[in-house]
Each structure stands twice: as structure tokens, then as C-alpha cells.
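What follows is a set of notes on a single structure, which appears directly below.
Every read-out reported here was derived from the displayed coordinates using simple, explicitly stated rules and does not represent laboratory data. Everything numeric here is computed off the predicted structure, so don't read it as measured data. Virtual Cβ from ideal backbone geometry, glycine too; neighbours counted across all protein chains shown.
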Amino acid sequence: GAVVSQHPSRVICKSGTSVKIECRSLDFQATTMFWYRQFPKQSLMLMATSNEGSKATYEQGVEKDKFLINHASLTLSTLTVTSAHPEDSSFYICSALRVATEAFFGQGTRLTVV
Amino acid sequence: AQTVTQSQPEMSVQEAETVTLSCTYDTSESDYYLFWYKQPPSRQMILVIRQEAYKQQNATENRFSVNFQKAAKSFSLKISDSQLGDAAMYFCAYRSAYTGNQFYFGTGTSLTVIP
């Protein structure tokens, strides 16, 4: 089956620094990727939709300047959390859309800001 | 935006028994896709089953089947012969066939399998 690789799986950073999370579709091209945030025992909250070659579309309430998304190629999207603060600590998940009915998820990244 | 409702935050089932997880959704569209995803403790989201709204036949995947009631906007998941490995969080999701690409997820049902 299709594989989406998300890296790193865990990261701890100091408050005020930036962290980059990568999402790669390994065996298919994904024109669209999604970035989610998930709080403990809650559902996935869509942060933004990333389209290759164009600017990401952010959901209401998500700060564009804080969560920078770049979809530089058909197999790679990155999420950069800039000037991270403890409240940004969370589980971040990406998914890549292969066709209309198939979205594959990365393993997720647990971000801890200290 | 579409809404997806899972009214059962937690469910439990005895090993080898059958359990049904409920999901309802709200939409005015006629063509869409519905999904059940499983999220085990590893937190990797895994597709369990999907249903195209234009198909009347309920989807099945081995021990997993759905009861899709389009008029009632209901999409329940039945897990037969439950196994310990089925223990996970289950999310119902909706995706429009027309507008945008995003998935709308329900709040999830935590399934416990009792040995």
C-alpha cells in the first residue's frame, strides 16, 4: 500500500526556536497534502491544506505566520512551527491525497516545547 | 462545513463478539465519500473501510462492514469476531465529491476489546 513518511516522529525544542516537520509520499505523487493537529483523546483538527506549487490554505484561527507550510514538490510538504511556545506542544499529523478516495497518513510528530 | 457526529465516545466488546460503532453526518450534497479510520495507540491512522455514496451496496472488508443509510445520513461500522488488535480509536470521516479536498472527521469512538 501507499506509504507516507513523516519525520521526525518526536521532537523537543526550546521555547522561541523553530521546528520543521517533513511529510513525504514515498510511492505516489500527491498534489494535495493536509496538516492536522491532534490533542490527547480528541479528533484531528485540520490546520491547512497544502497544494503543490501554490500557497497553502489555512483554516480559520490558524496563524499563517506561525505555521509555515511549503509544498515544494509532488512528494514533499513541510510544516515549520516558528517561534514555538509550550502551547504549541501537540501531535501533528500529515496526510497525502492520492486520488479522491484515498488519503494516507504519516506516523505523526509529537512536538514538545520546553 | 459538513459535520460528522459519533455519539459513542467509548465502546467495549468481548473478544470474538460483534460491535457496531455509530456515525451520522450532515450534508446537502448527493455525492460524497465516507470512511472509517482506525487509530491504535501508535497513533498511526489506518483506513479501515470506505463507501462511495452513489453505491447502494454496503462496503465490506473481511471482518469489517458498514451499514450505509443514505436517506438517514447514517454510516455505522460493524466489527465481527472482534480481536484484541481491534482496540483503538475509530474515526468516521466525510469527504465531498464536489468541493475541496478536505476530510471532515468525527470526534471518535474509543473501542476496548475485553479478553
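For chain A, a simple Cβ point-charge model (Lys and Arg +1, Asp and Glu -1, everything else neutral) yields a dipole of about 240 debye relative to the Cα centre. For the pair segment A:23-68 / segment B:67-106, the C-alpha centres are spaced 21 Å from each other. Within straight-line reach of A:LYS20, meaning a Cα separation under 27 Å, sit the following lysines at least 8 residues removed in sequence or on another chain: A:LYS41, A:LYS55, A:LYS64, A:LYS66, B:LYS38. Listed from fewest to most Cβ neighbours within 10 Å, the set A:SER5, A:SER15 follows the order A:SER15, A:SER5. Give me the Debye-computed log₁₀ of I(q)/I(0) at q = 0.08, 0.17, 0.18 Å⁻¹ for the protein assembly as shown, equal point scatterers on Cα only, no solvent, two decimals. These q points yield log10 I(q)/I(0) values of -0.30, -1.24, -1.35. Of A:ARG110, B:ARG95, the sequence from fewest to most neighbouring Cβ atoms within 10 angstrom is A:ARG110, B:ARG95. Note on segment A:33-114: Rg/Rh from C-alpha atoms, Kirkwood Rh, equals 0.95.
When each of B:LEU21, A:LEU76, A:LEU26 is scored by the number of other beta-carbon atoms lying within 10 Å, the sequence from fewest to most is A:LEU26, A:LEU76, B:LEU21.
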